[in-house]
Amino acid sequence: MSTLEIRNLQVSVNTETGAVEILKGVDLTIKSGETHAIMGPNGSGKSTLAYSIAGHPKYTITGGSVTLDGADVLDMSVDERAKAGLFLAMQYPVEVPGVSVSNFLRTAATALRGEAPKLRTWVTEVKDAMDALSIDPSFAQRNVNEGFSGGEKKRHEIMQLELLKPKIAILDETDSGLDVDALRIVSEGVNRAKDANNLGVLLITHYTRILRYIKPDFVHVFANGKVVEAGGPELADKLEAQGYAEYVGS
Amino acid sequence: MSVLTTNILVPHGREESWRFTPLNRLKGLHDGSAAIAEHRSLSMHSEVTPGVSFERISRELLPSLSTTDDAVMNRVREFSLDVAVLKIAANTEVSSPIHLSRKTFDLNAAEFSRVLIHVGSNARATVILANTGDTLLAEEIEFKVESGAHLTFVTLQEWDSKTVHVGKHHAIVDKDAMFKSITVTIGGSVVRLLPTVEFTGPGADAELIGVYFATAGQFFEHRIFVDHCVPNAKSRVNFKGALSGDKAHTVWIGDVFIRANAEGTDTYELNRNLLLTDGARADSVPNLEIETGEIVGAGHASTTGRFDDEQLFYLMSRGISVEDARRLVVRGFFAEIITEIADSEIQDRLMQRIDDELVKAGA
Ligand SMILES: Nc1ncnc2c1ncn2[C@@H]1O[C@H](COP(=O)(O)OP(=O)(O)O)[C@@H](O)[C@H]1O
Ligand SMILES: [Mg+2]
């Protein structure tokens, strides 16, 4: 049982014209087994929240706290956060030239498990994870995210989620750019990871579409750098009908 | 052992072609003050197969095939004991790579070495020259790639830390022939290589690729010259370098000359450098001179940058430590070139050396 607690989180981003405040006091608590949807318009700060929790160097924390089971996440290096059990499926996964998917996955698994996985079981593990997400086996030899289509990148993110078995996962617009079939395949992957590891999920999305496949226990409306309304799944239906107009510009 | 006495012009460092080279570290290779070594370090390790021969020929019997105004190369021509000749007869297809090596541990005298690699018409071969140990070496390798032949030449500078190596690798590529070189420079104190290409027939093709990795105090220079002096020839140049540590210095010069008669030329050259720490310096000078507009294409690009934060973040967000993430990125950076070497044992050995250098440099 794990708990990720975000308290009054304030974050600014460094730009050419100085620091710009993006997150203006975010409060959220995510426990193992729970799925929280964060829904908000473009530019409201959703990715900033995700990156800040994962430790991206571009963002400066100006106030508040993030803890995982009481441990200070903000004090950890990026890899320590992953080792503590956090995972971020990125909205824009990064290309790493010359590094094969297979080498990357094995290096990550070795780092997270503290020892190199046994070769024979590892090969099966990776093959099964790829099969489950309808990823072609030739992917293992390709360079990380290089030349991947939008959908392939997202499947690759969720494959990592299944292989690396974090405690809490943040999924940043994993649904964007997916056609209906890919959306279903990717969602099933998330649900498998939830069931297998009692995963806690922070599901960031712009649209309600993915919530038909991944059922949220809580829905938070995000606007202008903070949570402006919270409720159950029914809040998503309201957003579906009315959009974000009510929340923006306030 | 004799001491060089000669009236060949001595470079002073102000000459365009010497302006980056630390002459005071050349141990007298350039000014005649080096003692001449008696040994011949080049040897062949592959079995002799039909159509392949390796022998030494008196230099009087074998004048150089090209002209040079390089002071060190002129000394090589004057003082080499003989010429090592690797010959692949016309129409011979050599299926596995021919392995040559130099392994020397003599820093008191300089070896002046002339080599000719001659590939007859329509022959095909890969030659891999691995250099290890420590030495003072001035070398001229000429390649004669006859019409329709294909030669891949891999040269591995895996020297220890004290080597001074000045070399010219000059390819003469005839009609419809293909010359590909892969140059790897990861060891030595001063390495200055001049990979040059001269086309002698239309439809000739040259691809010069390479990697270099300089750590604290090392100076590695690659000065490329491709002379498009015939119509419809193609050239590609792609060198990637990484630097780490105080006073690591690399120089990459890419001179491409498209002469007035070289219609239909297709050329592109690229140099990318990765600066892993402060205090290192990468000079990169692409230079394209064009005398005719009737060409297929001509371009160049040069970039010098640091680690990509986004790449490191992505890898680290999967639990990979910063050291391992950097190692992966550097390996990945070099992989594009290293994987072109048709020998997986050599690929692994080079990647291991790159890892070791990275650890030593503490980047
Ligand atoms: N590197 C940056 N430079 C300048 N502005 C940025 C940068 N990153 C994010 N922002 C700004 O921060 C705000 C929130 O961005 P983001 O977190 O990506 O929103 P969302 O994911 O909700 O679309 C936007 O107004 C965006 O323009
Ligand atoms: Mg976003």
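The values are calculated or read from the model by the stated rules, or taken from the named source; none is laboratory data. These numbers were taken from a predicted model, which means no experiment stands behind them. Reconstructed Cβ throughout: ideal geometry from the backbone, glycine too, with neighbour counts over all protein chains shown. All accessible areas refer to the heavy atoms of the entire protein, side chains included, with ligands and DNA or RNA removed. Shrake-Rupley method; radii C 1.70, N 1.55, O 1.52, S 1.80 Å.
Partner shielding of A:83-94 amounts to 3, given as the average count of beta-carbon atoms from other chains within 10 Å of each residue beta-carbon. Surface analysis of the range B:14-306 yields an accessible area of 35 Å² per residue, using protein heavy atoms and a 1.4 Å probe.
Partner lysines whose Cα lies under 18 Å from the Cα of A:Lys153, excluding those fewer than 8 positions away in the same chain, are identified as A:Lys127.
Expressed to the nearest 5 percent, the antiparallel share of DSSP beta bridges inside the protein assembly as shown is 20 percent.
Filter chain B for me: DSSP H helices, axial length by Cα at least 15 angstrom, mean Kyte-Doolittle hydropathy not below 0.5. List them by residue number.
On the way: long enough: B:322-338 (24 Å, 0.60); B:344-361 (25 Å, -0.76).
TM-like helix candidates: B:322-338.
For the range B:118-161, the share of alpha carbon pairs falling in successive 10 Å distance bins from zero is 25, 41, 24, 10 percent. When the solvent-accessible area of the protein assembly as shown is split by element, carbon and sulfur atoms take up 49 percent of it, the probe being 1.4 Å. Using Cα springs under 10 Å in a Gaussian network model of chain B, which residue among B:Gly293, B:Gly28, B:Gly217 shows the largest mean-square fluctuation? For chain B, modelled as a Gaussian network with Cα springs under 10 Å, the answer is B:Gly293.
Output the pairs from A:Lys167/B:Lys360; A:Lys46/A:Lys118; A:Lys83/A:Lys194; B:Lys87/B:Lys168; A:Lys46/A:Lys238 with a Cα-Cα distance over 26 Å in this structure; if there are none, say none. Before the final figure, lay out each step's value.
On the way: A:Lys167/B:Lys360 36 Å; A:Lys46/A:Lys118 38 Å; A:Lys83/A:Lys194 18 Å; B:Lys87/B:Lys168 19 Å; A:Lys46/A:Lys238 20 Å.
Correct reply: A:Lys167/B:Lys360; A:Lys46/A:Lys118.
Considering helices alone, the calculated mean residue ellipticity of chain A at 222 nm is -10500 deg cm²/dmol, with DSSP H runs of length four and up weighted by -39500 (n - 2.57) and normalised per residue. Buried surface between chains A and B: roughly 2000 Å² of accessible area, summed over both sides, computed with a 1.4 Å probe on protein heavy atoms only. Of the peptides A:191-201, A:109-119, the order by per-residue mean of other Cβ atoms within 10 Å, starting with the highest, comes out as A:191-201, A:109-119. A helix-only calculation puts chain B at -4500 deg cm²/dmol for mean residue ellipticity at 222 nm, using -39500 (n - 2.57) for each DSSP H run of at least four residues, averaged over all residues.
When we measure straight from the Cα of B:Lys234, which lysines land under 16 angstrom away, once same-chain ones fewer than 8 places off are left out? Straight-distance partners of B:Lys234: B:Lys175, B:Lys180. Which shape class, rounded, prolate or oblate, goes with chain A when its Cα gyration tensor gives a ≥ b ≥ c as root eigenvalues, a/c under 1.5 marks rounded, and past that a/b bigger than b/c marks prolate? Note, shape of chain A comes out prolate. Across chain B, the mean sequence separation of Cα contacts (distance under 8 Å, 6 or more residues apart), normalised by length, yields a relative contact order of 10 percent. When both the range B:58-82 and the range B:148-195 are represented by their alpha-carbon centers, they are found 17 Å apart. Taking a ≥ b ≥ c as the square roots of the eigenvalues of the Cα gyration tensor, the range B:78-234 is prolate, since a/c reaches 1.5 or more and a/b is larger than b/c.
With springs only between Cα atoms under 10 Å apart, run a GNM on chain B and tell me which of B:Glu139, B:Glu60, B:Glu207 wobbles the most. Checking each option, the largest mean-square fluctuation is seen for B:Glu60.
How much area per residue is accessible in chain A when the probe is 1.4 Å and only protein heavy atoms are counted (Å²)?
Values: 10670 Å² over 250 residues.
Ligands and nucleic acids excluded, the figure is 43 Å² per residue.
Note on the range B:214-363: Cα-Cα pairs beyond 19 Å make up 60% of the total pair count. Inter-label distance, B:Leu62 to B:Asp355: 4.0 nm, where each label sits 7 Å from its Cα along the C-beta direction. Axis of helix A:180-197 versus longest Cα principal axis of chain A: the two differ by about 80°, to the nearest ten degrees.
Taking each pair of distinct Cα atoms in the range A:157-250 once, what is the resulting Kirkwood hydrodynamic radius in Å? Intermediate values should be presented prior to the final figure.
On the way: mean 1/r = 0.0707 Å⁻¹.
So the Kirkwood estimate lands at 14.1 Å.
The alpha carbon centroids of the range A:191-235 and the range A:22-84 are separated by 15 Å. Zone of A:Val20 (label point 7 Å along Cα→Cβ, backbone N under 16 Å): which residues in the range A:47-71? Only A:47-49, A:58-60 fall inside the zone, counting backbone N under 16 Å. For A:Glu229, the solvent-accessible surface computed with a 1.4 Å probe is close to 60 Å², ligands and nucleic acids excluded.
For the protein assembly as shown, the C-alpha radius of gyration sits at 1.18 times the compact-globule guess of 2.2 N^0.38 Å, with N the residue count. Relative contact order for the range B:127-219: 29 percent, from Cα pairs under 8 Å spaced at least 6 residues apart, divided by residue count. Out of every Cα pair in the range B:279-346, what percent are spaced more than 18 Å from each other? Everything past 18 Å amounts to 63 percent.
Rounded if a/c is under 1.5, else prolate if a/b is larger than b/c, else oblate: which is chain B, with a ≥ b ≥ c the root eigenvalues of its Cα gyration tensor? Working shown, then result.
Details: a/c = 1.41, a/b = 1.19, b/c = 1.19.
Rounded, since a/c falls under 1.5.
Using a Gaussian network model of chain B in which every pair of alpha carbons under 10 angstrom is joined by a spring, one finds that among B:Ser284, B:Ser321, B:Ser147 the greatest mean-square fluctuation is at B:Ser321.
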